[in-house]
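Accompanying notes for the structure given below.
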Amino acid sequence: MPRAPPRRINCSKIARLFPFPFDIQKAVRGADESIRLEANAIVDTPSTPSSSAGTVGEPSRLSITRGDFLAEVPGYLAATRGMFEEMKTLDHPSDSQQSGREIYRRIHGFASTTKLLNLPVAAQVGSALAALLKKLSDNPKILTASTSNTVCKAIDFMERWCIAAVEEKFAEHPPIRLLVVEDEPLAKRAVMSTLQQVFEKPESASNGAAALALAVENPYDVIFTDVQMPVMDGFELCTLIRQTALNGSTPVVFISARTDAASQSQGLASGGTDFIAKPFLPIEMAVKALTFAWERRLQQCANREASA
């Protein structure tokens, strides 16, 4: 029996229902805004927002106000997430690539516009996510459960961040602070190098005991830890971190080749937040770190306002 031709999807079906709030090409007067596609380009947007105007364009050059833009974003991002969920069900690589390119285009446009509107956190997370989506659209075979989870969480976070409209509240906040726990020197270097593309240099520890000592004394925004380590493994370390005053609720991400159901269940039972599979895509780790770090800052802000 001859093979049925690939099912051609109209990946702009949802996009037509939730188009971008305005035509970027018409709204930006001559601004050639392109998001570079590797993690080392993400540092263009500082990890701590600034109250100064964006480096690429001024908000006055746009034909839409920030308020109007933020009002339209939830529907736009929800539609984009739906398109990504649909893409995961496609059987043929050509269909996945077609859908992936459209999703990338939408997030690229979101990131470009938030940068022009001086929304640096949304722009930074969006540009990192666009870089990850570009890689996935170029090669859908690298889409794993881990990368899928990373994409969905990043989109959800950007929607919550824009709804909250809190950029100004974070203008004077200190830089993001990370901790990396890895006993293997080459693996630690790879993780540290990846995160330094986006953040200030993370702190590090070579074993669980040293990491716990740091966690007792210092608050972190995200902790990345290996699972298989001598003396104290990552799961035991996470359990003890949950008992500390400063990092009881800090996101803990396990970096491990062990991503089976039993390992994930053990990780969640220890208080872990997420897994990233080895070998990892550097841009995926950057997206995950940005998402969890700013999500934590957003929650801390909400908690302070609720108790005020």
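The values are calculated or read from the model by the stated rules, or taken from the named source; none is laboratory data. What you see is a predicted model, and the numbers here were worked out from it, not measured in a lab. Note that each Cβ is placed from the backbone with ideal geometry, even for glycine, and that neighbours are counted across all protein chains shown.
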Practice task
Give me the pairs, please: first residue somewhere in the stretch 249-260 and in the same structural domain as residue 291 (by TED's automatic domain parsing), second residue anywhere and surrounded by fewer than 17 Cβ atoms within 10 Å (Cβ to Cβ) and among the charged types (D, E, K, R), beta-carbon distance under 8 Å, and either six or more positions apart or on two chains.
Solution key: 255/278; 256/278; 257/278
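Condition check ((1) farther than 18 Å from residue 298 by Cβ; (2) touching a residue at least 60 places away in the same chain (Cβ under 8 Å)) across all residues:
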| site | (1), (2) |
| --- | --- |
| 99 | yes, yes |
| 116 | yes, yes |
| 120 | no, yes |
| 125 | no, yes |
| 150 | no, yes |
| 168 | no, yes |
| 177 | no, no |
Practice task
Check whether at least one residue in the stretch 245-253 is over 16 Å from residue 293 (Cβ atoms), crowded, with 18+ Cβ neighbours inside 10 Å and small (Gly, Ala, Ser), and report yes or no.
Solution key: no
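In the stretch 237-252, is there at least one residue being in contact with a Cys (Cβ under 7 Å, 6 or more places away or on another chain) and at pLDDT below 95? Quick ask: steps written out before the conclusion?
Within the stretch 237-252, the subset in contact with a Cys (Cβ under 7 Å, 6 or more places away or on another chain) is 252.
Filter once more, so that each one left must be at pLDDT below 95: none.
There is no residue in the stretch 237-252 that is in contact with a Cys (Cβ under 7 Å, 6 or more places away or on another chain) and at pLDDT below 95.
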